[in-house]
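Q: Just passing along the structure, written as structure tokens.
The values are calculated or read from the model by the stated rules, or taken from the named source; none is laboratory data. Computed from a prediction, not measured in an experiment: that's the story for all the values here. Methodologically, a virtual Cβ is constructed for each residue, glycine included, from the backbone with ideal geometry; neighbour enumeration extends over all protein chains shown.
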Amino acid sequence: MSWTGVQAQRPPKEPPKASNAPDDNGYSMPEGPKLRDKTAQQDEPVTTLKVNVQVVNIYFNVKDKRGALIPNLKKEDFLVNEDGKPQTIKYFAAESNQPLTLGLLIDTSGSQTNVLPMEQEVGAAFLRDVLSPKDLAFLINFDVQVDLIQDYTSDAARLRRAMEKTRINDGGGGGSGGIAGAGQGTIPVSRPKGTLLYDAVYLAATEKLQKESGRKAMILLTDGGDQGSDETLPNAIAAAQRSEVIVYVIMIADRMNFRSGDSEMRKLADQTGGRVIDVGNNPRKLRDAFDQIGAELRSQYMVGYVPLNTAADGKYRKLELKTANADYKVQARKGYYAPKE
């Protein structure tokens, strides 16, 4: 995909070649939807050096039985299994001083009409508080389309202005006009669309976050319902795992509306090392949810290891990360995809 957005502050990398073959879990990666870029300027090509290193890094939190974060653990406190086989931890960090790459995805379908202003206000405050100059964030809104409305930036004010421009689009003619496929307007679809949640996750992972390294997270503001996505939930989860991104889901909706995606969102978050926080339509709970996510992102551990299985076969591998203390719970992704030659 060619971008027509603002110049990214990190050099863009060549995206991996798509594969239509299903993996061992039956997840196929077909030619799917396209993310409409609604930013303004043309990216300039940057030459990058690509190095293939067989190291698996896992960013995670540790909590006690009450859900409180546990600090000050050491390398010796952790055990890592890959496909049931113990691995030797080679790298360890007890503080997350690496830059954070964050994607904020906002549901702007009709079901969010009464809560969007709250999302705009509280979400902008979160980005202002959590982002440092070395961090980058982008903003996507999804409804009957998936739109990139702010490319990578560390400028919280720019992100706030982009959030304030988001509008509800239920597909009833209120969407933007323009030339289809030219970075604006409506792209023709083969079937009616509603809320392209799975497409939004898939596109944010494959077209944005997969190109980045280090700490990566995605925050979804949604009621969890998907209607009309080209991608399935398993494909969205696989894309997030391939991109090594933690997915948080803030379940937000007017309680007058029907909510149907709780179990799907919990699976998405659990498989990627994030979690679901239900806030309903309560502004205080929404602020608390962002505070919790911010605290978790600032208190992550990292372990790295060179896998005993060195096959570059692109297959899915199960991860199990635990502590010697049975009372502690590790919040980490459940697997990853090996590189493929």
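Q: Among residues belonging to the stretch 261-307 that are touching a residue at least 60 places away in the same chain (Cβ under 8 Å) and among the basic types (Lys, Arg), point out the one that is nearest to residue 131 (Cα to Cα).
A: 298
Q: Being surrounded by fewer than 17 Cβ atoms within 10 Å (Cβ to Cβ), at pLDDT 95 or above, over 18 Å from the mean Cα position of the chain (by Cα) and not in a loop (DSSP other than H, G, I, E, B) narrows it down to one residue among 157, 162; which is it?
A: 157
Q: So for the stretch 178-192 (the condition being touching a Gly at 6+ places or on another chain (Cβ under 9 Å), modelled with pLDDT of 95 or more and within 18 Å of residue 140 (Cβ to Cβ)), does at least one residue qualify?
A: No.
Q: Show me the strands (runs of 3 or more DSSP E) entirely contained within the stretch 278-334 in which 3 or more residues are among the basic types (Lys, Arg) and out of contact with any helix residue (DSSP H, G or I) (no Cβ under 7 Å at 6 or more places or on another chain).
A: 316-323
Q: Another question, if that's okay. From the list 292, 241, which residue is surrounded by fewer than 19 Cβ atoms within 10 Å (Cβ to Cβ) and under 26 Å from residue 203 (Cα atoms)?
A: Matching residue, one of 292, 241: 292.
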